[in-house]
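To start, the structure itself, in structure tokens.
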Amino acid sequence: MDGERILEAEPTIGYIHRAFEKIAENRPFYQITPLTDRMNYCSSPINNMGWWMTLEKLLDIEVPKRAQYLRVIVMELARITDHLICNSILGVDTGAYTGFLYVFQFREKVYEIYEEICGARLTTNMGRIGGFERDWSPKAFELLNTFLEEFPVAWKEFENLLKEIEFLSIEL
């Protein structure tokens, strides 16, 4: 360095974004999931499931159908919460702050489902080789069913709000 000028640099491969790849090189499989959690806080379970599915493919492990279905449910919930955050913040940028507050409660409902499944809310450390750490409780399914009843109506209202301000049309 010469003041603010870089005179010479030596690039090191493997330090992308949060150095996830480099840190993971020296950890056992099960210690990598907390790293995948932090790659995208909005939808961390998707990264968790992707990691376990990659391992299962590499190790030729057959995952029970029930676990596969439950994983899809978790990943869809994560996708929805990611859309909630991104689209409601776009609404805030156009003056639709009330819409943001309204749909944000459904992110909380999804976090309650996560909490019931694995005991965590944001960084879930969800999933294991072959499925999940434990089976889902009846309460998890009750929370899921409540969410599935209430969310579509609220999302349609939010979508209509954005249409009213001629912002965009969002479909999940």
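The values are calculated or read from the model by the stated rules, or taken from the named source; none is laboratory data. Since the structure is predicted, the reported quantities are computational estimates derived from the model, not experimental observations. No Cβ is skipped: glycine too gets one built from the backbone with ideal geometry, and neighbour counts run over all protein chains shown. For accessibility, only protein heavy atoms count, side chains too; no ligands or nucleic acids. Shrake-Rupley method; radii C 1.70, N 1.55, O 1.52, S 1.80 Å.
For the chain, what does the helix formula give at 222 nm: sum of -39500 (n - 2.57) over DSSP H segments with n ≥ 4, over the residue count, nearest 500 deg cm²/dmol?
Helices in the chain give a 222 nm mean residue ellipticity of -20000 deg cm²/dmol.
Could you tell me which residue out of Ser44, Leu101, Leu90 lies farthest along the dipole of the chain toward its positive end? Charges go on the beta carbon: Lys and Arg +1, Asp and Glu -1, centred on the Cα centre.
Ser44
For the chain, modelled as a GNM with alpha-carbon contacts under 10 angstrom, which of Cys118, Cys42, Cys86 fluctuates the most?
Of Cys118, Cys42, Cys86, the Gaussian network model singles out Cys86 as fluctuating most.
With no solvent and one point per C-alpha, what does the Debye sum give as log10 I(q)/I(0) for the range 89-150 at q = 0.12, 0.21, 0.24 Å⁻¹?
Values, matching the q order: -0.40, -0.85, -0.96.
Listed highest first by mean packing, meaning other Cβ atoms within 10 Å per residue, what order do 23-36, 103-116, 53-66 come in?
Ranking, from highest mean packing down: 103-116, 23-36, 53-66.
How would you rank 70-81, 124-135, highest first, on the average number of other Cβ atoms within 10 Å across their residues?
With the highest mean Cβ count within 10 Å placed first, the list reads 70-81, 124-135.
Give me Rg/Rg_expected for the range 1-94, where Rg uses Cα atoms only and Rg_expected = 2.2 N^0.38 Å with N residues.
1.50
Which whole-Hz ³J(HN,Hα) couplings does the range 113-128 yield from phi under the Karplus relation 6.51 cos²θ - 1.76 cosθ + 1.60, θ = phi - 60°, glycine and proline marked x?
Values, residue by residue: 5, 4, 4, 5, 6, 10, x, 10, 10, 9, 9, 7, 6, 8, x, 8 Hz.
Quantify, in whole percent, the carbon and sulfur part of the accessible surface of the range 1-84 (1.4 Å probe; protein heavy atoms only).
57 percent
Charges only on Cβ, +1 for Lys and Arg, -1 for Asp and Glu: so what's the dipole of the chain about the Cα centre, in debye to the nearest 20?
Value, rounded to 20: 480 debye.
Using a 1.4 Å probe over the heavy atoms of the protein chains, calculate the carbon and sulfur portion of the accessible area of the range 90-143 as a whole percent.
Taking all protein chains in place, the range 90-143 shows 53 percent carbon and sulfur surface.
Once you put a point 7 Å from the Cα of Glu150 and another 7 Å from the Cα of Phe29, both along the Cβ direction, what distance in nm separates them?
Each label point is offset 7 Å from its Cα along the Cβ direction, giving 3.8 nm.
Cβ under 11 Å from Glu112's Cβ, Glu112 left aside: what net charge do those residues give with Lys, Arg +1 and Asp, Glu -1?
Local charge sum for Glu112: 0.
Before I look further, what does the chain give for accessible area per residue, probe 1.4 Å, in whole square angstrom?
Here the per-residue accessible area is 62 Å².
Can you give the Rg and Dmax of the chain based on its C-alpha atoms, in angstrom?
In Å, with Rg to one decimal and Dmax whole: 19.7, 63.
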